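Visitor: Have a look at this one.
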Amino acid sequence: MMQTDPAPVHAPSDYWRWYLRGVVASASVPGLILTSAFIGFGGLAREAGLTLLQAVLMTGMIWALPAKVVLLGAIMTGASLPAAAFAVALSSVRLAPMVVALVPEMRTEKTRPWVLYLLSHFVAVTSWVLAMEKLRHVPRDMRTAYYGGLGGTLVLVNMIVVAVVYGIAGSLPPGISAGLLLLTPIYFLTSLWGSSRESASHFAMLFGLVLGPVMHVIAPGLDLLIAGALGGGAAFLIHLHRRGRARA
Amino acid sequence: MTFDAIDTWWWPYLFILLAGWLATDMWRFLGVYLGGRVSEKSEALVLVRALATALVAAVIGNLIVFPSGALADVPLWVRIFSAVVGFAAFLAIRKSILAGIVAAEAVLLTAIYLFGQMG
């Protein structure tokens, strides 16, 4: 048992080996599906009027796909900087509890805080799901190296994917181009439903789907925030009401 | 203060940095800081998840109803029908995201081919 070793001393090559195993682990079915979503994002970013550099930087700096799609949506509807930032922040709150759940898996007494802050940037749904599944099979003091390989590779590969798709998106036949632009909404339609833990999120999704386009007509620029607040708030009230009845 | 409000090379990057990177990574950093002090099952987190889900769903709705580029040339009913079939396939085939994507794309491309709506 790895954990029972009194004070394991590791050569740098051990860290490299586990880093590389993390790199290899990124080639997986969830990783492949994520890449198809980034293919869609590359096409979407071009249609939104972003430059190649902006699209690639956005991929590396934000990484979480919902936040990127929300920011793109905000840019397209002409939202102001504060409104866009608020909408993106609201769509990213869920990252905090995910990181909270992941950190205890990776931390040892010797782990330096900056390593954890750096690695937390790689947290988004796919890398988190893969990490929660695989980290337990990795020796504890090798887990940060492993996640660095896994998360870092997913980010880097998809930055390249976005750049390549952006480059060729302009020369695709219209039918393929239309299919490319449908990838992102379908990816989220399915993955959002699949990752919801409670019925409140399912109601929120249905409300948001309808309220988004309705508010887009009524209040362009603030449509996302209003649809999110109304739809999410209503779903939460239903959740409270049902829980209250279940208890009574 | 919109994305193309100020005509300089750096404004879009500042916009992405503040509205994108800062608005996202502050939650990740908060997560590291809080460590194990927040319960994933708390009611406040249910509300937060509901708000975030509705917000992302609103973007999805807009991407289907008010798309840009070549997808805008496809009639609305074809877009909605493709999405509905994709979602149904996802539910029917062991909640497979891949099945949903393949089914939706198949419907869309078939409709474009049959009706020649793309000219």
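The values are calculated or read from the model by the stated rules, or taken from the named source; none is laboratory data. As the structure is a computational prediction, the values presented were derived from the model and not from experiment. So basically every Cβ, Gly included, is an ideal-geometry build from the backbone, and we count neighbours across all protein chains shown. Surface accessibility is based on the protein's heavy atoms, side chains included, excluding ligands, DNA and RNA. Shrake-Rupley method; radii C 1.70, N 1.55, O 1.52, S 1.80 Å.
Visitor: Only one of A:Leu172, A:Leu189 is closer than 24 Å to B:Arg49 by Cβ, of a type outside the set (Val, Ile, Thr) and open to solvent by 10 Å² or more (accessible area, probe 1.4 Å). Can you tell me which?
Guide: It is A:Leu189.
Visitor: Ok, one more. When you go through A:Val162, A:Val157 one by one, which is the residue that is more than 8 Å from chain B (Cβ to nearest Cβ), buried (at least 21 other Cβ atoms within 10 Å of the Cβ) and touching a residue at least 24 places away in the same chain (Cβ under 8 Å)?
Guide: Answer to the check: A:Val162.
Visitor: Residues A:Leu20, A:Leu71, A:Leu52: which one is among the hydrophobic types (A, V, I, L, M, F, W, C) and within 17 Å of A:Ile160 (Cβ to Cβ)?
Guide: Residue meeting the stated conditions: A:Leu52.
Yes/no per residue for (1) basic (Lys, Arg); (2) open to solvent by 30 Å² or more (accessible area, probe 1.4 Å):
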{"position": "A:Ser91", "(1), (2)": "no, no"}
{"position": "A:Val100", "(1), (2)": "no, no"}
{"position": "A:Lys110", "(1), (2)": "yes, yes"}
{"position": "A:Ala124", "(1), (2)": "no, no"}
{"position": "A:Ser127", "(1), (2)": "no, no"}
{"position": "A:His137", "(1), (2)": "no, yes"}
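Visitor: Is it true that some residue in the range A:80-92 is closer than 16 Å to B:Leu63 by Cα, at the interface with chain B (Cβ under 7 Å from one of its Cβ atoms) and without any contact (Cβ under 8 Å) to a residue 40 or more places away in the chain?
Guide: Checked against the condition, which is being closer than 16 Å to B:Leu63 by Cα, at the interface with chain B (Cβ under 7 Å from one of its Cβ atoms) and without any contact (Cβ under 8 Å) to a residue 40 or more places away in the chain, the range A:80-92 yields no hits at all.
Visitor: For the range A:152-180, what are the residues that are of a type in the set (S, T, N, Q) and either at pLDDT 95 or above or in contact with a Cys (Cβ under 6 Å, 6 or more places away or on another chain) (or both)?
Guide: Scanning the range A:152-180 gives A:Thr153, A:Asn158.
Visitor: Taking interchain pairs and intrachain pairs at least six residues apart, which have beta carbon atoms under 6 angstrom, with the first residue in the range B:1-26 and more than 7 Å from chain A (Cβ to nearest Cβ) and in contact (Cβ under 8 Å) with a residue 40 or more places away in the chain and the second crowded, with 21+ Cβ neighbours inside 10 Å and among the acidic types (Asp, Glu)?
Guide: So the pair list comes out empty.
Visitor: List the helices (runs of 4 or more DSSP H) that sit entirely inside the range A:171-248 and contain at least 1 residues that are closer than 19 Å to A:Leu34 by Cα, within 7 Å of another protein chain (Cβ to nearest Cβ) and without any contact (Cβ under 8 Å) to a residue 40 or more places away in the chain. Talk me through it step by step, then tell me what you get.
Guide: Values: elements: A:174-195, A:199-218, A:223-247.
Because the criterion is at least 1 residues that are closer than 19 Å to A:Leu34 by Cα, within 7 Å of another protein chain (Cβ to nearest Cβ) and without any contact (Cβ under 8 Å) to a residue 40 or more places away in the chain, the helices (runs of 4 or more DSSP H) in the range A:171-248 that meet it are A:174-195.
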